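Before any comments, here is the structure.
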């Protein structure tokens, strides 16, 4: 029998019971829609994490001062100021796997312009910092090594700070005051958005390290060193080398704990990615359960349909339908139901991911793969759950089927 | 020429648990091409079982059944389906049309299961409907047709594959007298065109439209007689003699 005819027969049989067909399809529609929307949310989250990691720089290491142990009481990370400017210089000069090392020091300060003020993190660092962190300039320039040497009163503003202090005005060349010290704005950073931890990366003012140390804070230490390895592959080597060098410089004898911590961004990235992958999997599998429930709904209705149409099956057999013609007819009916449900489900899934993006502001990514998979899956569900009722129909004895009232 | 139907020592035994029930006990029967045979007998006499086996809807327990020279006895379900499709047209008491399916689509049904793809399916089905006098009711649904018209659609469906044999199981059982005569007139007309017809009935009037009456009792053939004074349905219709017939 021609497949086109079988499709026509199936379509007519389903159209006869519009309401029932629609309700049966609803299970698959919701199932497929849920899978597509959930996977879209998961993929969106994953992509966002990846973009954030990339915005930090995947070949980056961060060196933090360590904890101290005094009389058995261990302080937290950063309780001591063990890192120095010279440590940063040594890392950059002596280690072959390291491209750049930028020391930095941070403080929170009220920043004042002519008629606005804004509390923000002020970071003192070296010009290399912009390269290490992959900052792109939206205007102006970074400060120079001579600015650093001379503890020049120049500042680079993040987008958020610039917006809050100057609004739509161009901040380049303007004067800001940080703890009453006037600074000239020389550069404006392009926005980076939120960090993986949800912090606004653009809420920063960056000034030369020497200026922050001498003119604002009156200290000589630094807090962190941002290290950029030659390549993402060399981050592990760089991490080991930095650790060895710092232990040596800090005269830590073997067996003693480090007084610093080296953190590898790749590890953080991997962890973040793994967690978003788990989330996608979890959301997807929860949604799959509803797809299976939808399939059971199809099986249920097909069984009812076979019983109801026993006489029709008998008539078809009497005029020459073979078992496999009957099998095909009911199987195609189940697949048409599930595939139509699947297609409507894809539309529902795409629409709801758009709604999630628009109203909840979660990024969503609809991959063609998930649409293909959902479509394929709904066909598979039709075949799987349609086979048993169809086989039952095909195995009916023609006489008994004809006698059925 | 070999007979269309040849049955030799055919038995059908139904096994229900420990109990064996013989519905047919060693029947032998031969029907030539172009015959019009009525099968009579009380309920439980085995005539329905006989029709099911003749129609390849069921298999005999023992014995031989040759249809159109082909041994049907050992055939597989798929081959039986092919024979039902190609060589036999069924007409039932309850018409057995598909609901919410137009007359023409009901008639097309056997063509769908033909191994060959028939391009002029609608044309052939239309032709069959013309032949039973319903050329103008192609798109009617069964519930829009009278009982007689529904039976005509069923006969058109039985004809559409141009089978050599039509089996009718109480074809007039659900019809009034006039319509019954009309249906029998149609069968006589088809018979004149060369189609072999077998009708199961328990009404002697109906049996007398046939050329031969085979009577069953207790799973055996009790009598097998030619009809001496055959009723001509056309004549009755033209004279309006329903009441007396």
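The values are calculated or read from the model by the stated rules, or taken from the named source; none is laboratory data. A quick note: this is a predicted structure, and the numbers were derived from the prediction, not measured. Please note: Cβ atoms are built from the backbone with ideal geometry, for glycine as well, and neighbour counts cover all protein chains shown.
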Could you say which residue among A:336, A:350, A:332, A:360 is under 22 Å from residue A:30 (Cα atoms) and within 14 Å of another protein chain (Cβ to nearest Cβ)? A:332
Just checking, does the range B:118-135 include any residue being more than 9 Å from chain A (Cβ to nearest Cβ), crowded, with 17+ Cβ neighbours inside 10 Å, at pLDDT 90 or above and not in a helix (DSSP H, G or I)? yes
Going through the range B:86-96 one residue at a time, which ones are surrounded by 19 or more Cβ atoms within 10 Å (Cβ to Cβ), within 18 Å of residue A:405 (Cα to Cα) and more than 8 Å from every other protein chain (Cβ to nearest Cβ)? B:91, B:95
Taking into account only those residues within the range B:106-117 that are more than 8 Å from chain A (Cβ to nearest Cβ) and in contact (Cβ under 8 Å) with a residue 12 or more places away in the chain, which is farthest from residue A:18 (Cα to Cα)? B:115
Give the residue that is surrounded by the fewest Cβ atoms within 10 Å (Cβ to Cβ), with candidates limited to residues of the range B:70-85 that are free of Cβ contacts under 8 Å to residues at least 60 places away in the same chain and facing chain A (nearest Cβ under 8 Å). B:78
Taking the criterion of being away from every other protein chain (no Cβ under 14 Å) and surrounded by fewer than 23 Cβ atoms within 10 Å (Cβ to Cβ), would at least one residue in the range A:309-317 satisfy it? no
Could you grab me the full set of residues in the range B:53-66 that are within 14 Å of another protein chain (Cβ to nearest Cβ) and either touching a residue at least 40 places away in the same chain (Cβ under 8 Å) or buried (at least 20 other Cβ atoms within 10 Å of the Cβ) (or both)? B:53, B:54, B:55, B:56, B:57, B:58, B:60
I'd like the full set of residues that are more than 24 Å from residue A:61 (Cβ to Cβ) and in a helix (DSSP H, G or I), limited to the range A:128-151. A:146, A:147, A:149
Testing residue B:20 on (1) away from every other protein chain (no Cβ under 14 Å); (2) buried (at least 16 other Cβ atoms within 10 Å of the Cβ), one condition comes back false. Which one is that? (2)
State whether the residues of the range A:287-295 include one that is more than 14 Å from chain B (Cβ to nearest Cβ), within 30 Å of residue B:161 (Cβ to Cβ) and surrounded by fewer than 23 Cβ atoms within 10 Å (Cβ to Cβ). no
Exclusive hit being part of a helix (DSSP H, G or I) and within 18 Å of residue A:127 (Cβ to Cβ), set A:244, A:215: A:215
